[in-house]
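Everything on this sheet refers to the single structure shown next.
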Amino acid sequence: MRVTSLGYRTDLTLRVLEGSEVADRGDYLVVRSPGNPNHWWGNFLLLAAVPEPGTGEAWLDRFAAEFPAARHVALGVDTTSDEAVIPDEFIAAGLEPSWETVLTAAEVRPPPHPNSAAEIRPLTSDDDWRQSVDLGIRCFDGAEPTLFLQRRAAVRRQLIQAGRGIWFGAFTGGRLLAQLGLFDVGDGYARYQHVETDPEARRQGLSGTLVWHAGRYATDVLGARTLVIVAETAGEAIRVYRSCGFAPLESLLSFERPPAD
């Protein structure tokens, strides 16, 4: 299966760098993360095309066969269009569709209101990475288990130490208030990951300032020719990314169903 979506191509590269396994079943890919089985988007199916009406049960059965111990369901769709028709039975089965937008830029510009007070620097020390987990807890407000966030941070740190990217933080008084990752995914692309800002520190220009600094690092140090970032189509973050010079390239469609409890 040849993946056409730039969003999913870069996602798959990142998952492989993190240690995930990818198996090609012809009309779908199986992405599996043995080290983190509770990571929904580390354990999912990527469908080659928008599912046809009447195929909902078959895809649920395939997911269950590939991930018999999973309590979640996660399906990505290799389409770049925002005009896909969602089969009714997917909605009836509790599969929530999610539309995101893949944005790209050849270079970034400063946000309209850059934050000059915060210290922008890479995360390096044990304390930095402990703060990264704590920031995730504050951002998700307890919705993500602490163990998952700790494993996520450990994987990020391993990739950074292996020289595959960098993790920037915005610090004020030594406290981490915003963070993001940036990774070289090959072929001249650099992919942003997980832009997070403390709920109490939003609307201070921190995320836009981080996006700008990271983008300059990507072009000046990594030699990236195209910067890639993904945002919820109807979310607020996309406005920040546009203000830094990003433009929409394609849509990204996925379905997920959380565990029953």
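Give the shape of segment 68-140 as rounded, prolate or oblate, defined through the alpha-carbon gyration tensor: a ≥ b ≥ c are the square roots of its eigenvalues, a/c under 1.5 means rounded, and otherwise the shape is prolate if a/b is larger than b/c and oblate if not.
It comes out oblate by the Cα gyration axes.
Counting only protein heavy atoms, what percent of the accessible surface of segment 1-88 is carbon or sulfur at a 1.4 Å probe? Could you put the intermediate results ahead of the total?
Working: 2100 of 4210 Å².
The C+S portion of the solvent-accessible surface of segment 1-88 is 50 percent.
Can you compute the charge dipole magnitude of the chain about its Cα centre, using +1 on each Lys and Arg Cβ and -1 on each Asp and Glu Cβ, nothing else charged? Give it in debye, rounded to the nearest 20.
Working: 25 positive and 35 negative charges, 199 e Å.
Roughly 960 debye, rounded to the nearest 20.
Using helices alone, what [θ] at 222 nm do you get for the chain, with -39,500 (n - 2.57) per DSSP H run of 4 or more residues, divided over all residues and rounded to the nearest 500? Working shown, then result.
Details: 7 runs with 81 residues, N = 261.
Counting only the DSSP helices, I get -9500 deg cm²/dmol.
For Cα pairs less than 8 Å apart in space and 6+ apart in sequence, what is the mean separation divided by the residue count of the chain, i.e. the relative contact order in percent? Please report the intermediate quantities before stating the final value.
Numbers: 475 pairs, mean separation 71.3, N = 261.
So the answer I get is 27 percent.
Calculate the translational D of segment 166-245 in whole µm² s⁻¹ from Stokes-Einstein, where the hydrodynamic radius comes from the Kirkwood formula applied to all Cα pairs, the temperature is 20 °C and the viscosity 1.002 mPa s. Each step should come with its number before you reach the end.
On the way: Rh = 12.9 Å.
Result for D is 165 µm²/s.
Please give me the summed charge of the neighbours of Phe67: other residues whose Cβ is under 15 Å from its Cβ, Lys and Arg +1, Asp and Glu -1. Display every interim value, and only then the final one.
Values: positive: Arg15, Arg25, Arg32, Arg62, Arg71, Arg257; negative: Glu21, Asp61, Glu66, Glu256.
Once positives and negatives cancel, what remains is +2.
Which value results when the Cα radius of gyration for segment 19-173 is divided by 2.2 N^0.38 Å?
On the way: Rg = 19.2 Å, N = 155, 2.2 N^0.38 = 15.0 Å.
Dividing the Cα Rg of segment 19-173 by 2.2 N^0.38 Å gives 1.28.
In debye, nearest 20, what is the charge dipole magnitude of segment 25-146 about its Cα centre with +1 on Lys and Arg Cβ and -1 on Asp and Glu Cβ, if you could check?
Details: 8 positive and 20 negative charges, 75 e Å.
Charge dipole, segment 25-146, about its Cα centre: 360 debye, nearest 20.
Please get the size of the charge dipole for segment 93-192, origin at its Cα centre, with Cβ charges of +1 on Lys and Arg and -1 on Asp and Glu, quoted in debye to the nearest 20.
Numbers: 11 positive and 12 negative charges, 39 e Å.
Using only the charged Cβ atoms, the result is roughly 180 debye.
Using only Cα atoms, locate the centre of segment 116-148 and the centre of segment 1-51, then give the distance between them in Å, rounded to an integer.
Spelled out, the Cα-based centre of one part sits 26 Å from the other.
Tell me which of Ser207, Leu249, Leu135 sits at the most positive position along the dipole axis of segment 125-261, charges placed on C-beta atoms (Lys, Arg +1; Asp, Glu -1).
The residue sitting farthest along the positive end of the dipole is Leu249.
Would you work out which of Ala106, Ile238, Pro51 lies farthest towards the positive end of the dipole of the chain? Charges go on Cβ: Lys and Arg +1, Asp and Glu -1.
Ala106
Starting from the Cα gyration tensor of segment 128-261, take the square roots of the eigenvalues, sort them a ≥ b ≥ c, and report rounded, prolate or oblate (rounded when a/c is under 1.5, otherwise prolate if a/b is larger than b/c, else oblate). Working shown, then result.
Working: a/c = 1.31, a/b = 1.19, b/c = 1.10.
Note, shape of segment 128-261 comes out rounded.
So, taking all protein chains as they sit and a 1.4 Å probe, how much accessible area belongs to Asp61, in Å² rounded to tens?
90
How would segment 1-40 be classified by its alpha-carbon gyration tensor: rounded, prolate or oblate, with rounded meaning a/c under 1.5 and the a/b versus b/c comparison settling the rest? It would help to have the intermediate numbers written out before the result.
Values: a/c = 2.23, a/b = 1.41, b/c = 1.58.
Here segment 1-40 falls in the oblate category.
The values are calculated or read from the model by the stated rules, or taken from the named source; none is laboratory data. The structure displayed is predicted, hence computed values, not measured ones. Here the Cβ is made from the backbone with ideal geometry for all residues, glycine too, and neighbour counts use every protein chain on show. Accessible surface areas use protein heavy atoms only, side chains included; no ligands, DNA or RNA. Shrake-Rupley method; radii C 1.70, N 1.55, O 1.52, S 1.80 Å.
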